[in-house]
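Working notes for the structure below.
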Amino acid sequence: MDTQEVLFVAFGGVAVLGALYAVATRSLLRAIVALGAFLTAIAGEFYLLAADFIAVVQIFVYVGGIVVLMLFALMLSASGKRHPLAAVDRPALGAVLAYAVGAGLLWATWSTELPAAGPDPADALGSLGRALLGAQLWPFELIGLILLASVIAALSIVRGERQ
Amino acid sequence: MMTTAALTLSAVLFAIGVFGVLTRRNAISLLVSVEIVMNAATINLVAFSRIHEPEAMTGQVFALLGIGIAACEAAVGLALILAVYRRFGSTDVDTIDLLRG
Amino acid sequence: MSLPWTFALGLLLGAVAFTMVGALTAVLVLAERKVSARIQMRVGPMHTGPHGMLQTIADMVKLVMKEDVRPARADAVAFRLGPLLVAVPAILSLAVVPFGAPLVMRDLNVGVLYFLAVPGVTVVGLLLAGWASYDNYSFLGGLRSSAQFISYEIPRSLAVVTVVMLAGSLSTVDVVEAQGRVPYVLLLPLSFFIYAITSLAEVNRVPFDIPEAESELVAGYHTEYSGFRWALFFLAEYAGLFAASAFGAVLFLGGGSGPLLPPVVWLLLKTGALVFVSMWIRFTLPRFRADQLMRLAWRVFLPLALVNLVVAALVMRAVA
């Protein structure tokens, strides 16, 4: 087992533990912090999968943005509770369905012959840039519009109540 | 080898996220679980990007756009949660049932 | 190198980095006290050691020996995690600064973006520290500080994008090489201006230190912290200041290049100059009010940064 594989397993372990804690704990604050740890571990995984740009964007957007958003929402809706609590409803049914989905996915993964990974492109960042502005130009421009629309939507939803 | 490991991790995380989505009652915890599911899918995308035509980087472009969409969804979702909280006084999804659907 | 030795080396380097940043903070704090003293027509600490050189060491010893107080109703995990999440990213961001061209901890392909992204994690720490302290002033300070940070993140990133456009690479080593004889401050003066001011705001330095303003919020998000945990916040501020100045030197002043002296010395000189200027500003200007601060970010710096980006792109296209 070389360094890359050990790191992959280590990050994967942190991710799984973080996710488990985030879905099971009763304290919302700790769930969000666990999500933060989960997202950082996933960023590490991205880096190991030769997607260093995606890894840094993950930290930038997810940990530096979405986790912060969730903390703000938590603090603005806690109504004085020090430890906002979130119950877990019908865990048995959820566990069965989740197990079925997971088992199905794992079976699909392990029963197919995956081709070997191709060589990583020499100039990964350049290839990504060329792809974004070349073959994938339409999705790239559209996501700009979607981001604008969602900013306007979020602002108007939150402001609407005040008037 | 790494690809299979990545896909396995993705499957496990997806299952955990699904468990969260199905069992949580608080709206913000639901969002947390949804984010877990989306990240699991993104790992899949990035893992597959290395297999078919690594030069085109389609999987990574998809992953980037997916992260952008997730940010939009989180922003609008949390705005909605706050608006609902102001209206109903609670963030429990089982109490928001005016439409009786 | 075999696996266990790699990890041991990694841990050792981490410990070394942390110690060096600690030593750095000690030097910077002393420098700040001396600079402030001279600007205010006095001499500063003179008692401990020759000319007060050992003052910060004495302060650190005192802080480490203090009792670890935690408010009884504070959430234990969040209270402990807050300072860590503020201090660690500030130190981690130093990993991509090239101290002289080959002397960089890790020349990431996306080094510049890494430097912008990692301090974003600080916001989570600020919110946790403010919330967990279970104290009105801390909470307000934490919210204000986070709002300030995320508001100034955007113009700062936009200013850095112009540099990346000119250099053609996201790697810090490449940016230094691309500058050659002409530092980017001459080619992109507005970007430098935007970067400098927004970085001051990011590091919570005066005139942007409303979250720590003693007259307003006691001590903002770190009101309830004492001893070593407070020292971590302190460390984060000065490490952040050093990192932002070093990064400014790398992006705009050609960090490391210069005749005669070795690159490390040049980079430290340029960084020191920027740090000195920031201390100078601190002891000269009054601080901004919270709403003035936010208005400045969204109504002045964001449009300015956007216009700067477009103009820079057009000029580069026209010249090329």
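Quick notes on this one:
Yes or no, residue by residue, for (1) in the same structural domain as C:Gly240 (by TED's automatic domain parsing); (2) of a type outside the set (Asp, Glu); (3) part of a loop (DSSP other than H, G, I, E, B); (4) within 21 Å of the chain's Cα centre (by Cα):
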{"site": "C:Ala17", "(1), (2), (3), (4)": "no, yes, no, yes"}
{"site": "C:Val29", "(1), (2), (3), (4)": "no, yes, no, yes"}
{"site": "C:Glu32", "(1), (2), (3), (4)": "no, no, no, yes"}
{"site": "C:Met46", "(1), (2), (3), (4)": "no, yes, yes, no"}
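- For the stretch A:148-163, filtering for residues that are facing chain B (nearest Cβ under 7 Å) and either closer than 21 Å to B:Ala41 by Cβ or of a type in the set (D, E, K, R) (or both) leaves 2.
- Which numbered condition A:Val67 fails, given (1) in contact with a Ser or Thr (Cβ under 9 Å, 6 or more places away or on another chain); (2) over 20 Å from B:Leu9 (Cα atoms); (3) surrounded by 20 or more Cβ atoms within 10 Å (Cβ to Cβ): (1)
- Of the residues screened, A:Ala15 is not one that is in a helix (DSSP H, G or I) and more than 18 Å from the chain's Cα centre (by Cα).
- Scanning the stretch C:115-128 turns up at least one residue that is under 16 Å from C:Ala90 (Cα atoms) and hydroxyl-bearing (Ser, Thr, Tyr).
- Residue in the stretch A:43-57 that is hydroxyl-bearing (Ser, Thr, Tyr), free of Cβ contacts under 8 Å to residues at least 40 places away in the same chain and under 15 Å from B:Val34 (Cα atoms) present: no
- Scanning the stretch A:100-114 for residues that are more than 7 Å from every other protein chain (Cβ to nearest Cβ), among the hydroxyl-bearing types (Ser, Thr, Tyr) and either part of a helix (DSSP H, G or I) or within 14 Å of B:Ala6 (Cα to Cα) (or both) gives a single hit, A:Ser111.
- Single residue of the stretch A:1-17 satisfying the filter (surrounded by fewer than 23 Cβ atoms within 10 Å (Cβ to Cβ) and at the interface with chain B (Cβ under 7 Å from one of its Cβ atoms)) that is nearest to B:Leu22 (Cα to Cα): A:Val16
- The residues listed here are B:Ile67, B:Ile43, B:Ile36, B:Ile96; of these, the one that is in contact with a Gly (Cβ under 7 Å, 6 or more places away or on another chain) and on the phi < 0 side of the Ramachandran plot is B:Ile36.
- Annotation note: Cβ proximity below 8 Å between a residue of the stretch A:142-153 that is more than 16 Å from B:Leu78 (Cα to Cα) and a residue that is in a helix (DSSP H, G or I) (sequence gap 6+ or interchain) occurs for A:Ile143/B:Leu65; A:Ile143/B:Gly68; A:Ile143/B:Ile69; A:Ile146/B:Gly68; A:Ile146/B:Ile69; A:Ile146/B:Cys72.
- Applying the set (1) closer than 30 Å to C:Leu12 by Cα; (2) within 11 Å of chain A (Cβ to nearest Cβ) to C:Ser169 leaves exactly one unmet item: (1).
- C:Val250 modelled with pLDDT of 80 or more, part of a helix (DSSP H, G or I), β-branched (Val, Ile, Thr) and surrounded by fewer than 19 Cβ atoms within 10 Å (Cβ to Cβ): no
- Residues that are more than 10 Å from chain C (Cβ to nearest Cβ) and polar (S, T, N, Q), drawn from the stretch A:18-75: A:Thr25
- Candidates are the residues of the stretch C:35-80 that are among the polar types (S, T, N, Q) and either without any contact (Cβ under 8 Å) to a residue 12 or more places away in the chain or surrounded by 11 or more Cβ atoms within 10 Å (Cβ to Cβ) (or both); the one that is nearest to C:Tyr238 (Cα to Cα) is C:Thr56.
- Considering each residue of the stretch A:79-93 in turn, at least one proves to be over 22 Å from C:Trp131 (Cα atoms), surrounded by 16 or more Cβ atoms within 10 Å (Cβ to Cβ) and either facing chain C (nearest Cβ under 10 Å) or out of contact with any Phe, Trp or Tyr (no Cβ under 7 Å at 6 or more places or on another chain) (or both).
- When B:Ala63, B:Ala83, B:Ala74, B:Ala47 are screened for being more than 12 Å from the chain's Cα centre (by Cα), assigned to a helix (DSSP H, G or I) and over 22 Å from A:Gly12 (Cα atoms), only B:Ala83 passes.
- Filtered residues of the stretch C:152-205 (kept if small (Gly, Ala, Ser), under 16 Å from C:Gly111 (Cα atoms) and assigned to a loop (DSSP other than H, G, I, E, B)): C:Gly168, C:Ser169, C:Ser171
- So B:Thr42, is it in contact with a Ser or Thr (Cβ under 9 Å, 6 or more places away or on another chain), more than 7 Å from chain A (Cβ to nearest Cβ) and in a helix (DSSP H, G or I): yes
- Filtered by the rule that a residue be more than 7 Å from chain B (Cβ to nearest Cβ), of a type outside the set (Gly, Ala, Ser) and not in a helix (DSSP H, G or I), the stretch A:115-147 gives a lone residue, A:Asp123.
- Residue in the stretch A:82-89 that is free of Cβ contacts under 8 Å to residues at least 40 places away in the same chain and assigned to a helix (DSSP H, G or I) present: no
The values are calculated or read from the model by the stated rules, or taken from the named source; none is laboratory data. Worth saying up front: this structure is predicted, and the values here are computed from it rather than measured. Cβ atoms come from the backbone with ideal geometry, glycine included; neighbour counts cover every protein chain shown.
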